[in-house]
Amino acid sequence: MGSGGLSRRRFVGTLAGSAAGVTLPAATGCDDAPAPQDTADTAAPEATTPGTRPSAQSESRAPSGPRRLYLGTYTSAEGGGKGIGLATYEPDTGRVTGTGTITDVPDPSYLALHPDGRTLYAVDEREDGAVTAVRLADREILGSRSTGGAAPCHLSVHPGGRWLLSANYGTGSVAVHPIDASGALGERTDLVTHSSPAPGPGQDGPHAHQIITSPDGGHVLAVDLGTDTVYTYRLDQKAGTLTEVARARTKPGAGPRHLTFHPGGRYAYLANEVDNTVAVCGYDPDTGRVTIGEEQETGTGPGTSYPAQIVVTPNGRFAYLANRGHNSLARYAVEAKGARLRLLDTVPVSGDFPRQIALSPDGALLFAANQRSSTVSVFLVDDKSGELRLAGEPFASPVAVCALPL
């Protein structure tokens, strides 16, 4: 893996840490057992027992039975996984149980679900990057397609379900693939390289780190760590091509990594990996223009702590940031209808190097994939205060770099 960008990702955690000997507590191989049903009890919720908490939506409906959890890893890392980890979690307690592995997917470091819930997509984060589709009903791999670049590290499905978007970190480009009725991927329809502006201080080139669709569905936004820029595109939904319409620059050397929208759709929060900050961004749905606000602290003190990913609760009241070097989760109050973040505290993540975090769909649980400790920590989220409480011992998962709870 010779690209400079991929080498840097390896340096900040891909192969670092002591992961040897850690495996999922289930037999490796594609589990033949049927996937648990994502059902919800529409009857009035029962009183919770000590040690549990109602979900954020428990006043109207409570989840019933275990729900699915998919885990990304690096298969080429020492002590890494064998593919996409399969697990379930209890929505009331956060207890995770391993159920197997979907093998033959190389370095599936980031995962995304099709809007219809039938197909799972994974990046193959290698020098010759690719994206892979997996049908969840029988866990059959529907094939892989080249992303046209090196080290794809993020992907997302356009809300219409017809296009898969991916970001190539190593070569600083973003790609588009069509999705057919079966969920399988067609040949790439576009590849855009971030050739300008020039790379920021200490960077050897562009490094696309994320690509998402705005909440209004009108624009696609790509975050590039190498050029300190958030690019806004329009997606031609017939041709599958991207046209740039705006760009926003961070401070030189900020190293933007991950952008997350507030549910209101007019504000977003940007995690800057290199200068250890977050920023509130304004978003104009008419033009797609992003306005990056002043940088704020991450609760980790001076020095670089490699902020990774920021998530916002479904009710829009709280945000959480994973600080990898500090091994903590920063908790923010979201104020002024999304226009302000106020740092409340930081909580130990109970693991080493939280590479990615995710909330359960109802916002009642937060999952942290801890790369160097090969664990996934689960926290109960208090929907009134936003406080986090560790839900038991972290779950062992080899070189855990992504958790996708359904």
| query | How much length is gained if the chain between SER146 and LEU343 is pulled fully straight, taking 0.36 nm per residue apart and subtracting their Cα-Cα distance, in nm to one decimal? | reply | 66.8 nm
| said: Within 10 Å of each candidate Cβ there may be at most 10 other Cβ atoms; applying that plus a DSSP loop requirement, which trypsin sites (Lys or Arg not before Pro) in the range 321-402 survive? | reply: LYS384
| message | Could you tell me the center-to-center distance, by alpha carbons, between the range 327-406 and the range 141-201 in angstrom? | response | 27
| Mind ordering 233-242, 272-281 by average Cβ neighbours within 10 Å, highest first? | 272-281, 233-242
| task | Treat each spin label as a single point 7 Å out from the Cα along the C-beta direction, and report the ALA336 to THR243 distance in nm. | result | 3.4
| query | Taking N as the number of residues in the range 310-403, what is its alpha-carbon radius of gyration divided by 2.2 N^0.38 Å? | reply | 1.01
| message | On a full-extension model of 0.36 nm per residue, what is the gain between LYS384 and GLU187, subtracting their alpha-carbon distance, rounded to one decimal in nm? | response | 66.3 nm
| task | Compute the FRET efficiency between ALA137 and ASP216 as 1/(1 + (r/R0)^6), taking r as their Cβ-Cβ distance and R0 = 30 Å, and round to the nearest 0.05. | result | 0.45
| message | Relative contact order for the range 266-350: what percent, with Cα pairs under 8 Å and sequence separation of 6 or more? | response | 23
| field | Tail beyond 14 Å, pair distance distribution of the range 112-175 (Cα, percent) | value | 51
| remark: dims of the range 219-303, Cα set, principal axes, largest to smallest, nearest Å -> 48, 28, 15
| message | For Cα pairs less than 8 Å apart in space and 6+ apart in sequence, what is the mean separation divided by the residue count of the range 78-161, i.e. the relative contact order in percent? | response | 23
| message | Give the residue list of GluC sites (Glu not before Pro) in the range 122-183 that are DSSP loop and have at most 13 other beta-carbon atoms within 10 angstrom. | response | GLU127
| said: Let me check I have the definition right: for the range 246-379, take the eigenvalues of the Cα gyration tensor, multiply each by 5, take square roots. What are those semi-axes in whole Å, largest first? | reply: 23, 17, 12
| remark: One can check that the equivalent ellipsoid of the range 180-325, built from the alpha-carbon gyration tensor with semi-axes equal to the square roots of five times its eigenvalues, has lengths in Å, largest first, of 26, 19, 14
| field | With every protein chain in place, the range 307-406: carbon and sulfur % of accessible area (1.4 Å) | value | 49
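The values are calculated or read from the model by the stated rules, or taken from the named source; none is laboratory data. Remember, it's a predicted structure, so these values are computed and weren't measured experimentally. Heads up, the Cβs are rebuilt from the backbone with ideal geometry, glycines too, and the neighbour counts pull from every protein chain shown. SASA here: full protein model, heavy atoms, side chains in, ligands and nucleic acids out. Shrake-Rupley method; radii C 1.70, N 1.55, O 1.52, S 1.80 Å.
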